[in-house]
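*Asks:* The structure's right below; bear with me while I get my questions together.
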Amino acid sequence: MASAGLFGPVAGRLTDRFGARAVVISGAVLSTIGLLLTSLVPSLYLMLLTYGGIFGCGSSLVYIAVYEIVPRYFVKRRSLATGLVTMSVGIGLLVMSPVCQALIDAFGWRGAFRGMTCIVFIIFFIGWVLDPNVASDEVEKIVQESEESRRILDLTMWKNITFVVLSIAGVFVYIGHSIPPVLFVSNGLIC
């Protein structure tokens, strides 16, 4: 999860430059490669590289590009569409938890990663459905302005105090959201 978040700014710039379709397809390929390599690793350190690095980067590309393209498709009900996309993360966790457990029970952890590889590869085909030409005039103007900037990583938004406060708040929300379940499991508090 941390890798997916850390690659976010780069994923955003790549989406601005190359479009959501190309970034989602690239992210699907990277995610697939990361999961497949994870199923083959002989050590935890290599798993950190394959799962945390490669899969994390690929999933970040998909995640950020999807959030970027939603405003292009939906002008009138943009907030509802963004909320539904956000909800899909929770639904994915709800559905995939028992699926992953079933894969582990049937095929072991290596087989589970191979099964997840097949599931994640579906994103590759979904990426082709995204129409790169869908955009409202307002969004198109913003994209053209962002394309004028040649830097891959633009840090000028950190001058906006509202953005800084929201980013800091987001860090604390995800600390409270993500860290306790990991600690509960590692300390045997969840059976």
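*Asks:* Being at pLDDT 85 or above, farther than 17 Å from T38 by Cβ, surrounded by 13 or more Cβ atoms within 10 Å (Cβ to Cβ) and not aliphatic (A, V, I, L, M) is the filter here, so list the residues in the stretch 70-128 that pass it.
*Replies:* Within the stretch 70-128, F124, G127 meet the criteria.
*Asks:* Being free of Cβ contacts under 8 Å to residues at least 60 places away in the same chain, part of a helix (DSSP H, G or I) and among the polar types (S, T, N, Q) is the requirement here; does T32 meet it?
*Replies:* Spelling it out, it is not the case that T32 is free of Cβ contacts under 8 Å to residues at least 60 places away in the same chain, part of a helix (DSSP H, G or I) and among the polar types (S, T, N, Q).
*Asks:* Could you list, in sequence order, all residues of the stretch 52-74 that are free of Cβ contacts under 8 Å to residues at least 24 places away in the same chain and not in a loop (DSSP other than H, G, I, E, B)?
*Replies:* Y67, V70
*Asks:* For V41, which of the numbered conditions (1) open to solvent by less than 70 Å² (accessible area, probe 1.4 Å); (2) in a helix (DSSP H, G or I) fails to hold?
*Replies:* Tallying (1) open to solvent by less than 70 Å² (accessible area, probe 1.4 Å); (2) in a helix (DSSP H, G or I), V41 fails exactly one: (2).
*Asks:* How about the stretch 68-102: which of its residues are over 22 Å from D131 (Cα atoms) and polar (S, T, N, Q)?
*Replies:* Answer for the stretch 68-102, where residues must be over 22 Å from D131 (Cα atoms) and polar (S, T, N, Q): S97, Q101.
*Asks:* Taking the options G115, G12, name whichever one is within 30 Å of T156 (Cα to Cα) and in contact (Cβ under 8 Å) with a residue 12 or more places away in the chain.
*Replies:* Testing whether each residue is within 30 Å of T156 (Cα to Cα) and in contact (Cβ under 8 Å) with a residue 12 or more places away in the chain leaves just G12.
*Asks:* Now for a separate question. For G19, all conditions in the list (1) on the phi < 0 side of the Ramachandran plot; (2) open to solvent by less than 30 Å² (accessible area, probe 1.4 Å) hold save one; what is the number of the exception?
*Replies:* G19 satisfies all of (1) on the phi < 0 side of the Ramachandran plot; (2) open to solvent by less than 30 Å² (accessible area, probe 1.4 Å) except (1).
*Asks:* Next question, about the same structure. Is it true that S146 is of a type in the set (S, T, N, Q), at pLDDT below 80 and in a helix (DSSP H, G or I)?
*Replies:* Taking the combined requirement at face value, the residue satisfies it.
The values are calculated or read from the model by the stated rules, or taken from the named source; none is laboratory data. It should be emphasised that the depicted structure is a prediction, and the values quoted were computed from it without experimental measurement. Every residue, glycine as well, gets a Cβ built from its backbone with ideal geometry; the counts of neighbours run over all protein chains shown. What goes into the accessible areas is simple: the full protein's heavy atoms, side chains included, and nothing from ligands, DNA or RNA. Shrake-Rupley method; radii C 1.70, N 1.55, O 1.52, S 1.80 Å.
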